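The values are calculated or read from the model by the stated rules, or taken from the named source; none is laboratory data. Nothing here was measured: the structure is a model prediction, and the numbers come from that model. Cβ coordinates were reconstructed from backbone atoms using ideal geometry, including for glycine residues, and neighbour counts include every protein chain displayed. SASA here: full protein model, heavy atoms, side chains in, ligands and nucleic acids out. Shrake-Rupley method; radii C 1.70, N 1.55, O 1.52, S 1.80 Å.
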Amino acid sequence: MIGVLALQGGFAEHLAVLRELGLDACEVRTREELMDERLRGLIIPGGESTVMAKFIDEYSLRDVICARAQIPDFRIYGTCAGLILLAKDVPNLKAQPLGLLDVSVERNAYGRQLDSFIAELEIGKAHFIRAPKITRVGEGVEILASYDGSPVLVRQGNIWGSTFHPELAGELAIHKLIFRP
Ligand code: GLN
């Protein structure tokens, strides 16, 4: 079972992609749901990172997510705001990120004219919506895709993040890569 954090933002599209891949998927909102033994992965969707960070602490989910991240087989994927929350260092986030992915991220890094756009990456169509930029990657972080000179899809062991939304284009490749057993 793959859980999609459903506190705020675009969780429904991730559920649809997982189900299209034939994977069991469910919404998760509570500590109990996050600790469910059947869960073998988690998606943190896009949305508004400040709000999601607030809810994560309000519902006391921080330590459970971090504990899950320590399990090598438990895969976590953050898209956009989800990536911001996973990052180690986000100078322009007025909340504490989870610090599970050794990258620095700048929120809303594409200026007004490029606020939101769609790009064709090798891995498929990518929606960038008020997207962040990855400005530094730590030593253990693999860059799996870049756009315009910046990494846009990265992985550190079991933790994955993209600055864009594959799920909005109905792209299956990344979810398949991460979550198909
Ligand atoms: N701009 C949002 C933030 O900083 C992220 C946007 C998104 O998730 N599409 O939280």
TODO: For segment 106-177, please list each of the strands (runs of 3 or more DSSP E) lying entirely inside it that holds at least 2 residues being more than 28 Å from Lys94 (Cβ to Cβ).
DONE: 116-121, 124-129, 142-147
Task: Of residues in segment 111-141 being more than 16 Å from Leu153 (Cβ to Cβ) and not polar (S, T, N, Q), the one most open to solvent (accessible area, probe 1.4 Å) - done: Arg112
Task: Per-region count, segment 1-56, residues free of Cβ contacts under 8 Å to residues at least 12 places away in the same chain and closer than 18 Å to Leu83 by Cα - done: 1
- [ ] Would you be able to say whether some residue in segment 13-31 is among the small types (Gly, Ala, Ser), surrounded by fewer than 17 Cβ atoms within 10 Å (Cβ to Cβ) and modelled with pLDDT of 95 or more?
- [x] yes
Open item on the list: For the structure I just gave you, tell me whether Lys54 is more than 23 Å from Ile174 (Cα to Cα) and assigned to a helix (DSSP H, G or I).
Closed with: yes
TODO: Keeping to segment 62-81, report how many residues are within 16 Å of the ligand (Cβ to nearest atom) and polar (S, T, N, Q).
DONE: 1
Task: Given (1) within 30 Å of Met1 (Cβ to Cβ); (2) in contact (Cβ under 8 Å) with a residue 40 or more places away in the chain; (3) under 15 Å from the mean Cα position of the chain (by Cα), index of the condition Gly99 fails - done: (2)
TODO: Output the qualifying pairs, or none if there are none: Cβ atoms under 7 angstrom, residues six or more apart or on different chains, first residue in segment 130-144 and under 17 Å from Tyr110 (Cβ atoms), second residue more than 13 Å from the ligand (Cβ to nearest atom) and assigned to a strand (DSSP E or B).
DONE: Lys133/Ser150; Ile134/Val103; Ile134/Ser150; Ile134/Pro151; Ile134/Val154; Thr135/Ser104
